[in-house]
Amino acid sequence: MALAIMCSGGDAPGMNAAVKKFVDYTFDRGETPYLIYDGLEGLIDGSIKKAEHRDVAGILHRGGSIIRSSRSPRFFEYEYRKQAFENLKKHEIEGLVVLGGDGSFRAMDTFSHEFAVNFVGIPTTIDNDIYGTEYCLGVDTALNTIRDALDKIYDTASTFNRAFVVEVMGRECGYLAVVSAISSGAEICIIPEVDFNLHVTEQKLKQEIANGRRYILAIVAEGTKMTDKVAGWLQMELEFDTRVTVLGHIQRGGAPTTFDRMMGFDFAVQAVDHLLKSKDLNKVVVYNKGEFGLLDIDVVTSKKYQIDPNLLSMLNVLD
Ligand code: F6P
């Protein structure tokens with residue numbers, strides 16, 4: 001049986017581990033692995049290659065994806081989806097593994113309703129915003145990248161008696177901001193999911209400043225679009241010399257952590273096993289409470305991810 005793998009949407013560390021395992025494990029199972037380059041764009045253009053072991057040698061430590069990725073405006077159009085399906089048929093590919101986020105899964109949902117495609121999604125995004133799974137591949141590395149940056153910012157903030165506003169990624173989801181704020185002891189965390197009360201925080205911080213607080217770290221999720229407003233408030237109302245750091249795309253890159261490599265392996269094995277054994281089509285591999293499972297693509301794409309309330313309750317800065 002011919003199985004293919006591709007990456008779609010924003011890249012995340014650990015993609016290469018999943019791609020390597022996919023190729024090695026598909027061979028182990030006596031089947032034929034294919035690589036689709038450049039995501040959905042490559043699927044449309046037929047950038048598909050029968051994989052060899054050497055295609056995936058020496059890639060585990062690398063961030064990004066050696067088969068690259070894309071966001072594909074063309075895939076919104078039926079004629080290009082048809083072309084993509086013809087390319088799969090040409091290579092007699094019967095199963096497709098897609099590493100991607102919610103946008104990619106929505107695209108696959110549409111694709112699979114129109115054509116006889118059998119695919120398994122591996123939730124892969126630093127945003128960790130996919131319904132039905134506690135964990136998306138790449139998050140651990142992104143959190144460690146943010147932690148490293150925050151540790152460094154603390155050094156200079158505390159030395160210079162300054163306030164720092166650090167903007168983190170996550171699109172409309174505050175997961176990266178929440179976990180980073182908890183694990184770095186930030187004074188302020190602002191996320192799209194929770195209303196932020198400037199007035200209450202101001203009173204609390206003024207009290208702390210009166211008691212000797214000399215620096216402030218505020219983590220702002222990009223989806224709130226409040227970075228500049230918070231910086232202006234810290235400067236004007238709390239009279240801190242304030243600096244802004246937008247971490248940006250460094251959060252997407254870098255060598256994957258050990259955890260993300262192991263998760264990449266496990267996700268890939270789960271995906272291949274499912275494609276080989278089951279006629280139950282079009283699923284997403286999910287990971288909850290230490291166990292893997294499968295959810296229908298319709299369920300994953302129709303519901304919104306919510307941050308665990310227990311995690312939010314650990315964030316005592318949000319009041
Ligand atoms: O979805 C991953 C992500 O890195 C988001 O956190 C961010 O908002 C977005 O992608 C950035 O997209 P682009 O790389 O297209 O600028």
Please identify the pairs in which a residue from region 161-172 that is among the charged types (D, E, K, R) has its Cβ atom under 8 Å from the Cβ atom of a residue that is within 16 Å of the ligand (Cβ to nearest atom) and assigned to a loop (DSSP other than H, G, I, E, B), counting only partners at least 6 apart or on another chain. E167/L247; R171/D127; R171/D129; E172/D129; E172/P192
Just the residues that are away from the ligand (no atom under 15 Å from the Cβ) and among the small types (G, A, S), please, taken from region 122-148. G132
Search result, residues across region 1-21 that are within 16 Å of the ligand (Cβ to nearest atom) and buried (at least 24 other Cβ atoms within 10 Å of the Cβ): C7, S8, D11, A12, P13, G14, M15
What tally of residues in region 171-185 results from selecting those that are surrounded by fewer than 24 Cβ atoms within 10 Å (Cβ to Cβ) and more than 16 Å from the ligand (Cβ to nearest atom)? 4
Please enumerate the residues belonging to region 167-212 that are of a type in the set (A, V, I, L, M, F, W, C), farther than 24 Å from K152 by Cα and not in a loop (DSSP other than H, G, I, E, B). L198, V200, A210
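Taking region 245-260 as the search range and keeping residues that are assigned to a helix (DSSP H, G or I) and open to solvent by 80 Å² or more (accessible area, probe 1.4 Å), which one is farthest from the ligand (Cβ to nearest atom)?
Initially, region 245-260 is screened for residues assigned to a helix (DSSP H, G or I), giving 248-251, 258-260.
Keeping just the survivors that are open to solvent by 80 Å² or more (accessible area, probe 1.4 Å) gives 249-250, 258-259.
Details: H249: 6, I250: 11, T258: 22, F259: 19 Å.
The qualifying residue farthest from the ligand (Cβ to nearest atom) is T258.
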Among the residues of region 17-31, is there at least one that is in contact with a Pro (Cβ under 7 Å, 6 or more places away or on another chain), of a type outside the set (V, I, T) and over 11 Å from L99 (Cβ atoms)? yes
Test V117 against the criterion of being away from the ligand (no atom under 14 Å from the Cβ) and more than 21 Å from the chain's Cα centre (by Cα), and give yes or no. yes
Within region 37-95, residues being of a type outside the set (K, R), part of a helix (DSSP H, G or I) and open to solvent by 60 Å² or more (accessible area, probe 1.4 Å) number 8
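Condition check ((1) within 15 Å of the ligand (Cβ to nearest atom); (2) under 19 Å from G170 (Cα atoms); (3) open to solvent by 20 Å² or more (accessible area, probe 1.4 Å)) across all residues:
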position: T227; (1), (2), (3): yes, yes, no
position: M236; (1), (2), (3): no, no, yes
position: F240; (1), (2), (3): no, no, no
position: R243; (1), (2), (3): no, no, yes
position: M263; (1), (2), (3): no, no, no
position: D273; (1), (2), (3): no, no, yes
position: K277; (1), (2), (3): no, no, yes
position: V284; (1), (2), (3): no, no, no
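The values are calculated or read from the model by the stated rules, or taken from the named source; none is laboratory data. On a predicted model such as this, the values are computed, not experimentally measured, just so you know. Virtual Cβ from ideal backbone geometry, glycine too; neighbours counted across all protein chains shown. We work out accessible area using only protein heavy atoms, side chains counted, and drop any ligands, DNA or RNA first. Shrake-Rupley method; radii C 1.70, N 1.55, O 1.52, S 1.80 Å.
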